[in-house]
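First the structure, in the form of structure tokens, and then the observations on it.
The values are calculated or read from the model by the stated rules, or taken from the named source; none is laboratory data. Every value quoted in this text rests on a predicted model; they were computed, and no experiment measured them. Neighbour counts are summed over all protein chains in view; Cβ atoms, including those assigned to glycine, are modelled from backbone coordinates with ideal geometry. With ligands, DNA and RNA removed, areas are computed over all heavy atoms of the protein, side chains included. Shrake-Rupley method; radii C 1.70, N 1.55, O 1.52, S 1.80 Å.
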Amino acid sequence: MKATAKAHTNIALIKYWGKRNEALILPTNNSLSITLDGFYSTTSVEFKEELTGDRFLLDDIAVEGEQFQRVTTFLDLVRDLAGKELFAEVASINAVPTAAGFASSASGFAALAAASSKAIGLNLSETELSRLTRQGSGSACRSVFGGFAEWQKGEEEDGSDSYAVPIAPQEHWDIRVAAVVLSSKMKKVSSRAGMRRTVETSPFFKGWVESIPQDLEVIKDGINNKDFEKVGAIAEANCLKMHATTLGANPPFTYWLDTTVSVMQTVQQLRDSGIPAYFTIDAGPNVKVLYLPEHEEKVQETLRTIPGVSDVKLSRVGQGISYLEDEKFV
Ligand code: ADP
Ligand code: DP6
């Protein structure tokens, strides 16, 4: 009872920020993302009769504490669905920095959901897999699909209608994302804790939620028509709105560093010089820059010269979940 799956991270252009149900991971707003081919997790899960508890190796190191707890709690859901009581050995390799704002939780939980459900013998549809994945980490439910995906928040109390749907496939549009690395350190406020504090205390949260339907309508039209300026402008504005909510929280907080702001300003300067480039930032200090293939050299070169930037990693639009033969996973 073993399976191995690979899942890519995604970058939200319309952010998920706020839950209406913490336990089931149900969001207050729809979100929309691009799956990225440059960052991924590969996870192998084996259920075994002889185990007396779950085991979790991340990047070849045995994990305990909260990270282990999240995995074992997720495996409980899978065991419940399958009606089996077996424990599992989980081994995952992140080709993405962990807990640094690069969405390792998205690729990590999508790969875990796919590998564990397959290993235990569940034969889930993509919708069922997305719904299950959501309960590991919300944004992960979008990583089940390649290309562009929207997580529909749903209305039901039990979360049965809260899952991602594909908006456009990987080959629909070759837009690029540069991940500007400022810090790969673990962040101080996790996305989970950050959005909780914002929902509970920020007076700006209401305005954030109310603004989403309009942003979604515009961005979906932009994606359909491959209107890069339209998509970039809305993504950048949506990111700034999300981060503004954290400044209104009590106590206030921000994920930005001084270099985060430098990168944002440089992207705006690139635009002033005639190169369409737009930024977006998740719950961390690192910035992702959206651009078109013909501007790759100039964008990359400009970002690398900013003091405090330690690396720039380029990514294309990526694929959804894939399953690997075990011997390929080392
Ligand atoms: P980010 O998603 O930006 O990397 P988060 O704090 O939102 O940061 O999520 C990071 C958490 O996701 C980790 O602390 C760990 O609990 C979980 N995680 C990351 N990678 C994996 C993985 N490959 N398998 C299982 N869980 C993972
Ligand atoms: C800022 O999906 O990591 O990246 O559901 O609590 O696991 P949990 O949170 P998570 O939050 C991601 C927040 C974000 C925006 C986004 O990816 O949509």
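Couple of notes before you dig in:
This table checks each residue for (1) open to solvent by 10 Å² or more (accessible area, probe 1.4 Å); (2) away from ligand 2 (no atom under 12 Å from the Cβ).
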| residue | (1), (2) |
| --- | --- |
| VAL90 | no, yes |
| ALA99 | yes, no |
| PHE102 | no, no |
| SER107 | no, no |
| ALA110 | no, no |
| ALA114 | no, yes |
| SER117 | no, yes |
| LEU124 | yes, yes |
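- Pairs, first on the phi < 0 side of the Ramachandran plot and within 16 Å of ligand 1 (Cβ to nearest atom) in the stretch 41-59, second open to solvent by 20 Å² or more (accessible area, probe 1.4 Å) and among the basic types (Lys, Arg), C-beta under 6 Å, six or more apart: THR42/LYS6; GLU46/LYS2
- In the stretch 74-99, the residues that are assigned to a loop (DSSP other than H, G, I, E, B) reach residues that are basic (Lys, Arg) and exposed (fewer than 15 other Cβ atoms within 10 Å of the Cβ) with C-beta atoms within less than 7 angstrom, at least six apart or across chains, in these pairs: LEU86/LYS48.
- Residue check, LEU24 out of contact with any Leu (no Cβ under 8 Å at 6 or more places or on another chain), open to solvent by 10 Å² or more (accessible area, probe 1.4 Å) and not basic (Lys, Arg): yes
- Matching residues in the stretch 9-40 - criterion: being assigned to a loop (DSSP other than H, G, I, E, B), within 16 Å of ligand 1 (Cβ to nearest atom) and not β-branched (Val, Ile, Thr): LYS15, TYR16, TRP17, GLY18, GLU22
- Any hit, the stretch 72-85, residues being within 24 Å of ASP282 (Cβ to Cβ), open to solvent by less than 50 Å² (accessible area, probe 1.4 Å) and either within 16 Å of ligand 2 (Cβ to nearest atom) or of a type in the set (A, V, I, L, M, F, W, C) (or both): yes
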